[in-house]
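This report concerns only the one structure given below.
Derivation of every value follows stated rules applied to the coordinates shown; laboratory data play no part. All figures in this text were calculated on a predicted structure; none of them were measured in a lab. Glycine also receives a Cβ, built like all others from the backbone with ideal geometry; neighbour counts cover every protein chain displayed.
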Amino acid sequence: MRNTDLIRRDLGVLWHPCTQMKDHEWLPLVPIRRGKGVWLEDFEGRRYLDAVSSWWVNLFGHANPRINAAVREQLDELEHVILAGFSHAPAVELAERLVEAAPAGLSRCFYADNGSSAVEVALKMSYHYWRNLGRGGKRKFVTLSNSYHGETLGALAVGDVALYKETYKPLLMEAITVPSPDCWQREPGVDWEAHSRAMFAHMEATLAEHADEVAAVIVEPLVQCAGGMRMYHPVYLSLLREACDRHDVHLIADEIAVGFGRTGTLFACEQAGVTPDFLCLSKGLTGGYLPLAAVLTTDAVYQAFYDDYQRLTAFLHSHSYTGNPLACRAALATLDIFRDEPVLARNRELAAAMYDAVRPLEDHPNVGEIRQTGMILAIELVRERAGKVPFDWRERRGLKVYQHALSRGVLLRPLGNVVYFMPPYVISEPEIALLGEVAREGIALAVRD
Ligand code: PMP
């Protein structure tokens, strides 16, 4: 098979995610035959460095030998079984290990099979908890501006990225949206902590006004990824935890993108020393191998559902592939790597190398900011630095960076005008240097009028 054969067949039958298919009249699809480590390879031997971890899922490389072996072994034992009424060892062992690794107090694990459905589970569970306690009036959700929690209708309703949400607004439940602590928005001379702390006043006022009708606040801890890798200080999460307790409102931490070491700690919430009422995990959970999600919650939540069947307090929610054994085994192998190797310490060095690779862009007239939280680094492109004047989105500047990077064998996939690196943790320093070089070249091309 050649690249062109697959592309022709693909365009004859497939409808790709998050894509205006007409773009492929001029923007070539990239057919991938295999992957190894940080590299993807097409049918003619051309390689691409996967700097976005294949939509932020991959942690330890493609075709990782340990994860491959675990999935293969599981395949000969049990590929799948219904998880209602039945159980299996990978689901139990994974739940035990997640509970052990997660912030203290999260003692129950409910599985789903992708990030959006984990968010749906957390929203429904939170509302249902209050209802079981006789407080069914608590049915609203508070979210941050520019947040993203997935594409299903409930998850979309608590997100705030207009590009994905606006069209479907008539279909969505209404959320209460509070200004984000996003530090890109801070005034000159104000540091991250002071800005995030000051922005909390909006959340406090909202909770004070609406607590009686609010079930939960949902946030992406530390980094609003799909919203353009916008970052904030952990102090916001500490203040939020305290306020949620005071106002009797749940805290849902959506660590689907930021969990499993992305922000420098295993979970981002650790940096604020907080335990959410619901912790949503997916993406890196299986090392990027298979779709799986977990929602961890507290014993208090679990107990509010635990009663005689006739009282109809049970959480009657399910997805067919809940707790799939192959996916759980991939997740266990992923946790084994965290246990056996100094992943977080190594990532600190890689993160420093990532910054060094783009440091020359600090003074570039079209770079508004370079920001970083752990293994996520973002470069905000602007028309003018003064006043942070953005490029018009219709100019699709980021796409030019994408096209240039592909021509140099690198997969960078900017979010609008934000170029970012979020590579697998097995990237080497020379590969990071290549990323930096290609990003710098791509930006130089993209900002030309
Ligand atoms: N929450 C966050 C923070 C995400 O980044 C994403 C995916 N980009 C999701 C939820 C949705 O996950 P999925 O694509 O698996 O439905």
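Grab the eigenvalues of the alpha-carbon gyration tensor for the stretch 285-441, scale each by 5, take roots, and send me the semi-axes largest first in whole angstrom. Write out the running numbers ahead of the final one.
Details: eigenvalues 325, 94, 48 Å².
Ellipsoid half-lengths, sorted descending, are 40, 22, 16 Å.
How large is ³J(HN,Hα) for each residue in the stretch 425-440, as worked out from phi by the Karplus curve 6.51 cos²θ - 1.76 cosθ + 1.60 (θ = phi - 60°), to whole Hz, x for Gly and Pro?
Whole-Hz 3J(HN,Hα) from phi for the stretch 425-440: 6, 9, 5, 9, 5, x, 5, 5, 4, 4, 4, x, 4, 5, 5, 5.
With N denoting the number of residues in the stretch 276-371, provide Rg(C-alpha) divided by 2.2 N^0.38 Å, to two decimal places. Write down the numbers at each step before the final one.
Details: Rg = 20.9 Å, N = 96, 2.2 N^0.38 = 12.5 Å.
Compactness ratio reported: 1.67.
In nm, to one decimal, how far is the residue 202 label point from the residue 445 one, both placed 7 Å along Cα→Cβ?
With each label placed 7 Å out from Cα toward Cβ, I get 3.7 nm.
In terms of the Cα gyration tensor, with a ≥ b ≥ c the square roots of its eigenvalues, is the stretch 222-339 rounded because a/c is under 1.5, prolate because a/b exceeds b/c, or oblate?
Details: a/c = 2.12, a/b = 1.07, b/c = 1.98.
The shape class here is oblate.
For the chain, with only Lys/Arg (+1) and Asp/Glu (-1) charged at the beta-carbon, what is the dipole magnitude about the Cα centre, in debye rounded to 20?
With only Lys, Arg, Asp and Glu charged at Cβ, the dipole is about 900 debye.
With the Cα gyration tensor of the chain giving a ≥ b ≥ c as the square roots of its eigenvalues, does the rule (a/c under 1.5 for rounded; else a/b larger than b/c for prolate; else oblate) give rounded, prolate or oblate?
Oblate, because a/c is 1.5 or more while a/b does not exceed b/c.
May I ask for the longest run of the chain untouched by GluC sites (Glu not before Pro) that are loop-located per DSSP and have at most 15 neighbouring C-beta atoms (other than their own) within 10 Å? Let's see the in-between values first.
Values: sites that count: 44, 77, 79, 174, 362.
My reading of the result: 175-361 is the longest stretch.
Starting from the 7 Å offset along Cα-to-Cβ, what nm value, one decimal, do you get for the label separation of residue 429 and residue 299?
4.8
Taking K and R as +1 and D and E as -1, what net charge do the other residues with C-beta under 10 Å from the C-beta of residue 207 add up to? Working shown, then result.
Values: positive: 246; negative: 204, 209, 248.
Spelling it out: positives minus negatives among the neighbours equals -2.
Below 8 Å between Cα atoms, with a sequence gap of 6+, how large is the relative contact order for the chain in percent?
Details: 860 pairs, mean separation 89.0, N = 449.
So the answer I get is 20 percent.
Report ³J(HN,Hα) in whole Hz for each residue of the stretch 391-408, in order, from the Karplus equation J = 6.51 cos²θ - 1.76 cosθ + 1.60 where θ = phi - 60°; Gly and Pro get x.
With the stated coefficients, the stretch 391-408 comes to 6, 4, 4, 5, 6, 6, 4, x, 4, 5, 5, 4, 5, 5, 4, 4, 5, 9 Hz.
Between residue 46 and residue 166, how many nm apart are label points set 7 Å from Cα along the C-beta direction?
Inter-label distance under the simple model: 3.3 nm.
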